[in-house]
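Okay, so here's the structure we're looking at.
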Amino acid sequence: MKTIFFSLIMLGIIAALVNGEPQLVMTALVESSNAAVTRSFTLLGVLSVWLGIAKIAEKSGFLKSCSKILYPLLRLLFPSIPRGHPALDYISMNVSANFFGFGSAATPFGLKAMKKLQELNGHAKDASEAMCTFLAMNTSNITLIPTTMVAMRASLDSVRPEAIVISSLFATSISTFCAILLDLFMRRRRKKP
């Protein structure tokens, strides 16, 4: 990626020089830097609010309550994890936090879940089925409120920054469904002689 971005930047500079307008490079540099700093502070503010809400949801037990609802489904998806094992708790907390758009707050739960899954895996070098399933679910998790995208749209003065919520919920639902199906397919394929 860095090679691609470096090439694009160099092509832009060369194009400006060839066209005899090197001042365009400086103008674009200053304007882009200003926009980047403005968006960063806007996102920082919005994400701080959401992370605060996520922390409240975690401390109040809201995420734990949501994870209890998910527990039966997770037992089906992770049959190799023993009943009552802490890995399932961390997985359900991660899925709940991601569902409500608390992505950054979900990360510690995901890391703890992987650590517990690795303990169950006997510290083998290959990932277990449960680890693969969790990774597939985590990368494609259903998201009710895509907070980062709503914040980005708001920082760009979108008329309706929340307009993507329905389409995002649909897209993430489809991606999670496909990830789980593909995981189950690969599991069955691996077990065949």
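Every number in this text was worked out from the coordinates using simple rules, so none of it is lab data. In this text, all values refer to a predicted model and were calculated from it rather than measured experimentally. Counting neighbours? That spans all protein chains shown, and the Cβs are built from the backbone with ideal geometry, glycine included.
Straight-distance candidates among the lysines for linking to Lys125, with alpha-carbon spacing under 24 Å and chain neighbours fewer than 8 residues away dropped: Lys112, Lys115, Lys116, Lys191, Lys192.
Amide H contacts of Ile145: Gly101, each under 5 Å away and 5 or more positions distant or on a separate chain (H built 1.01 Å from N in the peptide plane; Pro and chain starts excluded).
Remark: the Cα gyration tensor places the stretch 24-80 in the oblate category, a/c being 1.5 or greater and a/b not exceeding b/c. Seen against the Cα atoms of the chain and their longest principal axis, helix 2-18 is set at about 10 degrees. Among Ser92, Ser33, Ser128, the largest mean-square fluctuation in a Gaussian network model of the chain (Cα springs under 10 Å) belongs to Ser33.
Distance between the C-alpha centres of the stretch 96-126 and the stretch 1-71: 25 Å, rounded to the whole angstrom.
Couplings for the stretch 104-110, taken from phi via the Karplus curve 6.51 cos²θ - 1.76 cosθ + 1.60 with θ = phi - 60°, read 5, 6, 7, 4, x, 5, x Hz in order; Gly and Pro are left as x.
Fully extending the segment from Leu43 to Ser80, taken as 0.36 nm per residue of separation minus the present Cα-Cα distance, adds 9.4 nm. Sequence-distant contacts, meaning Cα pairs under 8 Å at least 6 residues apart, place the relative contact order of the chain at 18 percent.
Quotient of the Cα radius of gyration of the chain and 2.2 N^0.38 Å, N being its number of residues: 1.33.
Across Ala57, Ala179, Ala36, mean-square fluctuation computed from a Gaussian network of the chain (C-alpha pairs under 10 Å connected) peaks at Ala36. Report summary: the helix-based calculation at 222 nm, which adds -39500 (n - 2.57) for every DSSP H run with n ≥ 4 and divides by the residues of the chain, gives -26500 deg cm²/dmol.
Of the residues Ala127, Ala97, Ala113, the one that moves most in a GNM of the chain with alpha-carbon contacts below 10 Å is Ala127. The C-alpha atoms of the chain define a longest principal axis, and helix 62-77 lies at about 70 degrees to it. The long axis of helix 23-60 is offset from the longest Cα principal axis of the chain by roughly 30 degrees.
The label-point distance for Asn19 and Ile164, in a model that sets each label 7 Å from Cα toward Cβ, rounds to 2.8 nm. Let me know the shape class of the stretch 93-183, please: from the alpha-carbon gyration tensor, a ≥ b ≥ c as square roots of the eigenvalues, rounded when a/c is under 1.5, otherwise prolate if a/b is greater than b/c, or oblate. It is prolate, given that a/c is not under 1.5 and a/b is the larger ratio.
From the largest down, the stretch 1-114 spans 69, 31, 18 angstrom on the principal axes of its Cα atoms.
Computed from phi, the 3J(HN,Hα) profile of the stretch 129-134 under the Karplus parametrisation 6.51, -1.76, 1.60 (θ = phi - 60°) reads 4, 5, 5, 5, 4, 5 Hz, with x in place of Gly and Pro.
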